[in-house]
Amino acid sequence: MSVYMIRGGNRLAGRLAVHGAKNAALPILAAAVVCGDSVIENCPRLTDISVAVEILGHLGCRAARQGDAIVTSREGGGDCRIPDRLMGAMRSSIVFLGGMIACHGCAELTLPGGCELGARPIDLHLSALGQMGAAIRESGGRLYCSAPRGLHGARIDLTFPSVGATENTIIAAATARGETVLTGAAREPEILDLIDFLRGCGARIRLERDGAIRVEGVEKLGGTRHRVIPDRIAAGTYLCAAAMTGGELLLEQVDPGHLASCLSVLGGAGCQVSVGPDWVRLTAPERLRGFGTIKTMPYPGFPTDMQSVMMAAAATARGSTVFVENIFESRYRHVPELRKLGADIVTEGRAAMVTGVERLTGADLCCTDLRGGAAVVLGALAARGQSTVTGLAHIDRGYDDFAGKLARLGADIQRIEGKERKEGTDEEDGWTGTG
Ligand code: EPZ
């Protein structure tokens, strides 16, 4: 079992370049199934990205890392199936479905499992692809999809702006016959990045003023060279780490526009924030003020992926903060871990009330999910004394060299590698995979 040994209390200060966005790189890699040879730059070194590369191999698309890029080339052939192991390793494997049906005319998958944020249905994905002509049958936990005559355009209205369902629909529509008009779509920066990539490959996609996404299917897509946008959630995590330790951080290779809601909360809590075209500088006060109320919302609202790390920061602020989680039904699994550090947090349904305490104290902790795990590490960095953190496979899914980067900012954090597996499972660190 790998573990972080953390001695908390250090002020984090320095400069840091942010890696490419996991949640942009993953759908772009999924789209590579329907595109020509491409070079996808700024792909972060994360386990989720390795899983996506492996999936591409099964689907007849060779993908290999070259420096910070992943180079893809369609070799033809390939399978209509994603192995169960890869479906289970990463929830976002489901975003490959649209491209698989478009490219192969069929797909067979297990339902993505390992829900750790409450129910995460895929009804919107399936309904959209069904309206585009896919016949979808579910039996024994498996999905059987086919579209022998290909997919066609459709008018699709998403009842919730699901990020994954929007991505699946756009990828499927890019080479479908005729026009697809998608309303109620998500507009996260990662989706716009996927659209940029597909446009680079020759897709005809228009964003309407009213929020609709209009895709005119083309017969064949070419390839492109594309640079993935910076990871706004990783950026926000490092900003919170500096903010809650009274630190100072210059973040480079970021898009400050993508961080607006997070910067506004940190500014309101007493941090001095300045931004340039691709950088953010934050200087934190000795102790943050409580954040008031934070409600997670689809972009450009406050991101659900930042809720847990912002909660870690709220735990030592002067005053209280109320969180309302509107995106996922159960995204407070980090709360018991933060409580072990002495945080005063009470949850009720989708709400969490945090009363900042003057000091947290080190404890033995476990990552509960990717962003929850980052929150636990941040709590330990701000706490007095020693903490241990296990469950690091979660962190490895979304943060490239998390401990190394924090250490370079002055954190006393060390990773001890271990290889034991939990008895009776093939999971290291009790990891079941979400994302
Ligand atoms: C993406 O997940 C991200 N993952 C998540 O980041 C992020 O938290 C989430 O969007 C919201 O921003 C990736 O991009 C790989 P959704 P996704 O479909 O696509 C409901 C991280 O930490 N819903 O927008 O799975 C669903 O239950 C991860 O990096 C349906 O009801 O999110 C949820 O309540 C975690 N039916 C809400 O919509 C559906 O068919 C949002 O889900 C699909 C979704």
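The values are calculated or read from the model by the stated rules, or taken from the named source; none is laboratory data. What you see is a predicted model; the values in this text were computed from it and never measured. With ideal geometry, Cβ positions are generated from the backbone for all residues, glycine too; neighbour counts draw on all protein chains shown. Keep in mind that these areas ignore ligands, DNA and RNA; they rest on the heavy atoms of the full protein, side chains included. Shrake-Rupley method; radii C 1.70, N 1.55, O 1.52, S 1.80 Å.
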1/(1 + (r/R0)^6) with r = Cβ-Cβ of residue 58 and residue 214, R0 = 25 Å, i.e. FRET efficiency to nearest 0.05, evaluates to 0.20
By the Cα gyration tensor axes a ≥ b ≥ c (a/c under 1.5 gives rounded; else a/b larger than b/c gives prolate, otherwise oblate), the shape of the range 298-412 is oblate
Computed, not fitted: 222 nm per-residue ellipticity of the chain from DSSP H runs ≥ 4 (each -39500 (n - 2.57)), nearest 500, equal to -8500 deg cm²/dmol
Rounded to a whole %, the carbon-and-sulfur portion of the accessible area of the chain at a 1.4 Å probe is 48
Taking a crude spin-label model, label points 7 Å out from Cα along the C-beta direction, the residue 252 to residue 324 distance in nm is 4.1
So, relative contact order of the range 45-140 in percent, Cα under 8 Å, 6 or more apart, is 20
The answer for the range 174-262, accessible area per residue at 1.4 Å probe in Å², is 37
Measuring from the longest principal axis of the C-alpha atoms of the chain, the long axis of helix 163-174 (C-alpha) lies at a number of degrees, nearest 10, equal to 30
Checked the chain against the a/c 1.5 cut and the a/b vs b/c comparison, axes a ≥ b ≥ c from its Cα gyration tensor; verdict prolate
Between the modelled labels at residue 293 and residue 155 (7 Å from Cα along Cα→Cβ) the distance in nm is 3.7
Taking Cα atoms, the helix 370-382 axis meets the longest principal axis of the chain at an angle in degrees (rounded to 10) of 20
The chain: relative contact order from alpha carbon pairs under 8 Å, six or more residues apart, as a whole percent, is 21
Rounded to the nearest 10, the angle in degrees between the Cα long axis of helix 232-244 and the longest principal axis of the Cα atoms of the chain comes to 0
Rounded to the nearest 5, the percent of DSSP beta bridges in the chain running antiparallel is 70
A student applying the Cα gyration tensor rule (rounded when a/c is under 1.5; otherwise prolate if a/b is larger than b/c, oblate if not) would label the range 20-118 oblate
